[in-house]
1. Look at the stretch 274-308 and say how many of its residues are over 13 Å from residue 234 (Cβ atoms) and open to solvent by less than 60 Å² (accessible area, probe 1.4 Å).
2. With the requirement that a residue be closer than 29 Å to residue 279 by Cβ, touching a residue at least 60 places away in the same chain (Cβ under 8 Å) and open to solvent by 10 Å² or more (accessible area, probe 1.4 Å), what does the stretch 30-47 give you?
3. Could you run through the stretch 181-192 and say how many residues are near ligand 1 (Cβ under 8 Å from one of its atoms) and over 10 Å from the mean Cα position of the chain (by Cα)?
4. Restricting to the stretch 251-275, name every residue that is among the aliphatic types (A, V, I, L, M) and in a loop (DSSP other than H, G, I, E, B).
5. I'd like to verify a number: residues in the stretch 78-89 that are in contact (Cβ under 8 Å) with a residue 24 or more places away in the chain and either within 16 Å of ligand 2 (Cβ to nearest atom) or open to solvent by 10 Å² or more (accessible area, probe 1.4 Å) (or both), how many?
6. Only one residue in 66, 62 is within 16 Å of ligand 1 (Cβ to nearest atom), open to solvent by 40 Å² or more (accessible area, probe 1.4 Å) and under 24 Å from residue 119 (Cα atoms), so which one is that?
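The values are calculated or read from the model by the stated rules, or taken from the named source; none is laboratory data. Note that this is a predicted model, so its numbers are computed, not measured. Backbone-built Cβ (ideal geometry, glycine too); neighbour counts: all protein chains shown. These accessible areas exclude ligands, DNA and RNA; they are computed on the full protein's heavy atoms, side chains included. Shrake-Rupley method; radii C 1.70, N 1.55, O 1.52, S 1.80 Å.
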Amino acid sequence: MSPVTDLEIAQAAAALHEGRLVAFPTETVYGLGADASNPSALARMYAAKGRPADHPVIVHLQATGQLDAWASEVPTIARRLADHFWPGPLTLVLRRANGVLDALTGGQDTIGLRVPAHAVAQRLLRAFAGGIAAPSANRFGRVSPTTAQHVRDELGDAVDVVLDGGPCEVGIESTIVDVSTEVPVLLRPGRIGVAELQALTKQPVLQATATSPRAAGTLAAHYAPSVPLMLVDASSLDRVVRETTVPLGVLARRSKPAATKVEGWHVAGVDASTYAHDLYAALRALERSKCDLIVVEAPPETAEWDAVRDRLSRAAAGSDIDGA
Ligand code: TXA
Ligand code: MG
């Protein structure tokens, strides 16, 4: 990876203005960017992802000051969260402002907004001088890309420009909080945890329920690797590996025991942030390892692992194997 030049940023911003698609790094995952005020660019973005048109996307802004142009109402809690966590891995769902395109909101009256911290995202947003709609730069239902190469592998020619900012620091998607209602609701866990959110909201942040606004990331089968994935307790990992007869890929927090026959054994980080950082790259590598089943050692039940557990249980639900 070479540093992204000012010329590349200028060309990428020009491409966005022309209605073309630009994949860019954020600190969470790579986004597939389109001009948030251009309906035909948004249509191309949905087509490139293979995503149903009724799924809302996050609009990325350069600075917190732009919030009021996109949201009609910014409650005190939202303002506090934005002031504290932006730029950063937090998405706020707010009532949308007049003029916000339906294609961004899936027809709902709310809009997801985020100010990313990644330097390349910031430079692109500054050069473009507008909102950039960007879902994760993967085909619908696949794991999010955390490197520029993942984006190219996923989308090929469907994306016009890929800015390579190296591997994403966080590695999993942003925390999403719905602040459009009286009580804040966590729609998707991420690096920023509930305790951190509550320290600022000074009131409970509820977990999403079936009546919460639809978020694609909350479909049970959303984060599906192309090989079935099964979660197993740490204490049963050795037995499952020993007794399974199909070619296995393993994602564990400890190294491969001697004489174990598996197609691939990935050691993920022992702490939650390192684990999240490596998770999607590890799943992609395991998918390519000619295994018929990916076995993942279930992460700890503690709060700091919430986001990782959320993504893994969705990946497991995406397969037709019951993670026991
Ligand atoms: O970290 C991230 O959030 C990355 C980077 C690129 O910013 N983006 C991302 O976008 O993960 P996407 O589209 O893959 O996931 C965004 C999630 C979806 O589940 C979508 O349904 C939800 O945010 N969302 C967006 N706007 C919403 C809204 N108005 N109400 C409820 N959910 C919303
Ligand atoms: Mg996504």
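1. Qualifying residue count for the region: 20.
2. Scanning the stretch 30-47 gives a single hit, 47.
3. 1
4. Hits for the stretch 251-275 are 258, 259, 262, 268, 270.
5. Of the residues in the stretch 78-89, 6 are in contact (Cβ under 8 Å) with a residue 24 or more places away in the chain and either within 16 Å of ligand 2 (Cβ to nearest atom) or open to solvent by 10 Å² or more (accessible area, probe 1.4 Å) (or both).
6. 66
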